[in-house]
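Asker: Dropping the structure in here first, questions after.
The values are calculated or read from the model by the stated rules, or taken from the named source; none is laboratory data. If you're wondering where the values come from, they're calculated on a predicted model, not measured in any experiment. Positions of Cβ are backbone-derived with ideal geometry, glycine not excepted, and every protein chain shown enters the neighbour counts. Heavy atoms of the whole protein, side chains included, go into the accessibility calculation; ligands, DNA and RNA do not. Shrake-Rupley method; radii C 1.70, N 1.55, O 1.52, S 1.80 Å.
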Amino acid sequence: MEVENLRFELPEKAPMVIIETRLNCEGPFKFLVDTGSSVTVITKETVEALGFQEKLSDLKKGSIGCCSSTLVNIGAIQVDDVEAKAVPVVLGNLSTISNEIGTHIDGIIGATLMKNYKVTIDFPKQEIFFEQLSQGKESSGRVPFIFVEVVVNRRGPFNFLVDTGASITTITKHTSEALGLYEKARGRRSALSGSFAGVAMTLAKAECIRVGDAKAKDVDVGLHDLTPLSNMMGTPVDGILGYNFMKDYRVVINYPQQEVSFVRACGNDSEVRDT
């Protein structure tokens, strides 16, 4: 089933996809849609308000540092007409992310929920669609992160994580040195990103970032050590593709097929497959 015309909030302070979500028909609650999170998260305040049951689990931390090892038994998560049951949800402290976004959020929709869907995020129209697919790859048990090959300043390709929970595109320090971006570094600021909430990173500007036929010029990028992220994911991560690249595109992520495409309103598809 596909959700039609579901609008999402895009906070000006830190543009991230915020949608209204119901938990066992209660709500609505504000959830961040985060393709860079391996887990679906709920705050302790929401758990206490709704009386959900908690239990300890051996679930490892995801790609954000807010998560505990406490699994919450929710039952069902509803996004408009789409309902997902038996989704593993962990307890998390989202206060830092809420402060950076400038609006309170009650949870995060991560890959554990989206792995069975084709998710379309139309950034210019601020609309999102979830389509459950009847056919696709059998789940391998691993978290289905989406990676793409990225060319930066005509160099590459580099391995970037597609992350709707990041407001700024980020490049690892090693890669930025190879590109000469450190010579162009222009100050520091706190990262407006779910993955690195509250972290100060050096800022630079990339002349051009390209994914297939999709490209953006004069892109602000954060320079940061992504080694912990690479270790957690088990693959080298050269960068994170954030909102300031995706903002002009309709991004279609087919989790079962591990495919992603970037579509301009008046352009052709630029399809990239996760390998």
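Asker: Here is a check on your reading of the model: is Val252 open to solvent by 20 Å² or more (accessible area, probe 1.4 Å), within 17 Å of Ile121 (Cα to Cα) and modelled with pLDDT of 90 or more? Talk me through it step by step, then tell me what you get.
Answerer: Details: open to solvent by 20 Å² or more (accessible area, probe 1.4 Å): yes; within 17 Å of Ile121 (Cα to Cα): yes; modelled with pLDDT of 90 or more: yes.
It is true that Val252 is open to solvent by 20 Å² or more (accessible area, probe 1.4 Å), within 17 Å of Ile121 (Cα to Cα) and modelled with pLDDT of 90 or more.
Asker: Here's a follow-up. Pairs please, first residue from region 212-227 and closer than 13 Å to Val151 by Cβ and open to solvent by less than 60 Å² (accessible area, probe 1.4 Å), second anywhere and among the polar types (S, T, N, Q) and in a strand (DSSP E or B), Cβ atoms under 7 Å, 6+ apart in sequence or on different chains.
Answerer: From residues that are closer than 13 Å to Val151 by Cβ and open to solvent by less than 60 Å² (accessible area, probe 1.4 Å), the pairs are Gly212/Ser270; Ala214/Ser270; Val219/Thr169.
Asker: Could you grab me the full set of residues in region 110-130 that are among the polar types (S, T, N, Q) and closer than 16 Å to Pro256 by Cβ?
Answerer: Keep residues of region 110-130 that are among the polar types (S, T, N, Q), which gives 112, 116, 120, 126.
Within region 110-130, Thr112, Asn116, Thr120 qualify.
Asker: Something else: Quick check: is even one residue across region 73-86 within 23 Å of Leu161 (Cβ to Cβ), part of a strand (DSSP E or B), modelled with pLDDT under 85 and not aliphatic (A, V, I, L, M)?
Answerer: no
Asker: Which residues, taken from region 178-189, are surrounded by 13 or more Cβ atoms within 10 Å (Cβ to Cβ) and either part of a loop (DSSP other than H, G, I, E, B) or at pLDDT 90 or above (or both)?
Answerer: Passing the criteria: Leu179, Ala185.
Asker: Looking at region 20-47, which of its residues are within 18 Å of Ile128 (Cβ to Cβ) and either polar (S, T, N, Q) or surrounded by fewer than 22 Cβ atoms within 10 Å (Cβ to Cβ) (or both)?
Answerer: Result: Glu20, Thr21, Arg22, Gly27, Pro28, Phe29, Lys30, Thr35, Ser37, Thr40.
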